[in-house]
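Below is one structure, written out as structure tokens; comments come after it.
Please treat every number below as a calculation from the coordinates, not as lab data. Only a predicted model underlies this, so the values are computations on that prediction, with no experimental measurement involved. Every residue, glycine as well, gets a Cβ built from its backbone with ideal geometry; the counts of neighbours run over all protein chains shown.
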């Protein structure tokens, strides 16, 4: 991100978690992704998507699910917001 790369951040946590602490990603809870309501990010299908949650578990599930749906460049933020806060504060 610091290098100016075009990356789309997607927060798969619940709205209350996002309100408590967020890093500016698009909020798309895992439940909506699993119900195949991915219209909000369909435009980003060929872009790099970085999914994150509290610990990296839900975002890992989201990344695998969307890869199966044809998304080409998805990543999981390993360690999630817990690791982010530890490294960068918050």
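Brief remarks on what is shown
- Spacing of the modelled spin labels on residue 26 and residue 9, each 7 Å from Cα toward Cβ, amounts to 1.5 nm.
- Shown for 81, 36: other C-beta atoms within 10 Å of each C-beta, ranked fewest to most, produce the order 36, 81.
- Rounded to the nearest 10 degrees, the inclination of helix 57-68 to the longest alpha-carbon principal axis of the chain is 20 degrees.
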